[in-house]
Amino acid sequence: MPFILIVACAWFTSCEVDDDSPNFYFTALNTIEADMPELFEFGKTYDIEVTFIRPNGCTFFEGFDVVQTDQTGRDIVVIGSVLTDENRACTQALEEVVATLRFNVIYTNEYTFRFFAGDDENGDPTYLEYTVPVAEQQTGN
């Protein structure tokens, strides 16, 4: 019986929520530029430098959300996490940040990239659009 009491006490005390941990939420960050190559080579991997706006000191880069819209179409959103801890002081300065998107060329048709650039005055999303052709494969002689 004492063993059951110890297990029950441990079970009830192990479920405490740590109120000191910071809370956060994810948000879309505005892209201002993507350094795209003039053309891709089939089968290669490219590092694409993407410049986005970090709106304050409590927003941190988390990665990219890449959605395939058709065979060679990609909609890309820079994802950030925003800390909501009331005890944390956040700078309000805008900062340009560069992150690298690794991209594998797996099709021979030209690619169209649309990077989320923010919302317009009507709340509709706007995009920076880039089209990159794929070089024809060279045949050996």
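The values are calculated or read from the model by the stated rules, or taken from the named source; none is laboratory data. On a predicted model such as this, the values are computed, not experimentally measured, just so you know. Ideal geometry is used to build each Cβ from the backbone, glycine not excepted, and the neighbour counts take in all protein chains shown. Ligands, DNA and RNA are excluded from the accessible area calculation, which covers all protein heavy atoms including side chains. Shrake-Rupley method; radii C 1.70, N 1.55, O 1.52, S 1.80 Å.
Could you go through the range 43-50 and let me know if any residue there is farther than 30 Å from Glu136 by Cα and either open to solvent by 100 Å² or more (accessible area, probe 1.4 Å) or modelled with pLDDT of 90 or more (or both).
Scanning the range 43-50, I find no residue that is farther than 30 Å from Glu136 by Cα and either open to solvent by 100 Å² or more (accessible area, probe 1.4 Å) or modelled with pLDDT of 90 or more (or both), so the answer is no.
What residue, of Glu86, Glu96, is under 16 Å from the mean Cα position of the chain (by Cα) and either at pLDDT below 95 or within 15 Å of Ile32 (Cα to Cα) (or both)?
Glu96
Looking at the range 58-78 only, could you name the residues that are under 14 Å from Ala28 (Cβ atoms) and open to solvent by less than 40 Å² (accessible area, probe 1.4 Å)?
The answer is Thr59, Gly63, Asp75, Ile76, Val77, Val78.
Starting from residues that are surrounded by 13 or more Cβ atoms within 10 Å (Cβ to Cβ) and hydroxyl-bearing (Ser, Thr, Tyr), keep the ones in the range 105-125 and report whichever is farthest from the chain's Cα centre (by Cα).
Thr108
In contact with an Asp or Glu (Cβ under 7 Å, 6 or more places away or on another chain) and polar (S, T, N, Q), is that true of Thr59?
Spelling it out, it is not the case that Thr59 is in contact with an Asp or Glu (Cβ under 7 Å, 6 or more places away or on another chain) and polar (S, T, N, Q).
Strands (runs of 3 or more DSSP E) wholly in the range 17-88 with at least 3 residues that are free of Cβ contacts under 8 Å to residues at least 60 places away in the same chain and either hydrophobic (A, V, I, L, M, F, W, C) or touching a Lys or Arg at 6+ places or on another chain (Cβ under 7 Å) (or both) - which ones?
Correct list: 45-54, 59-70, 73-83.
When you go through Arg114, Arg88 one by one, which is the residue that is basic (Lys, Arg) and under 17 Å from Val67 (Cβ atoms)?
Unique residue meeting the criteria: Arg114.
Yes/no matrix, rows are residues, columns are (1) within 30 Å of Asp120 (Cα to Cα); (2) at pLDDT below 95:
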| site | (1), (2) |
| --- | --- |
| Met1 | no, yes |
| Ala10 | no, yes |
| Tyr25 | yes, yes |
| Thr31 | yes, no |
| Gly63 | yes, no |
| Asp70 | yes, no |
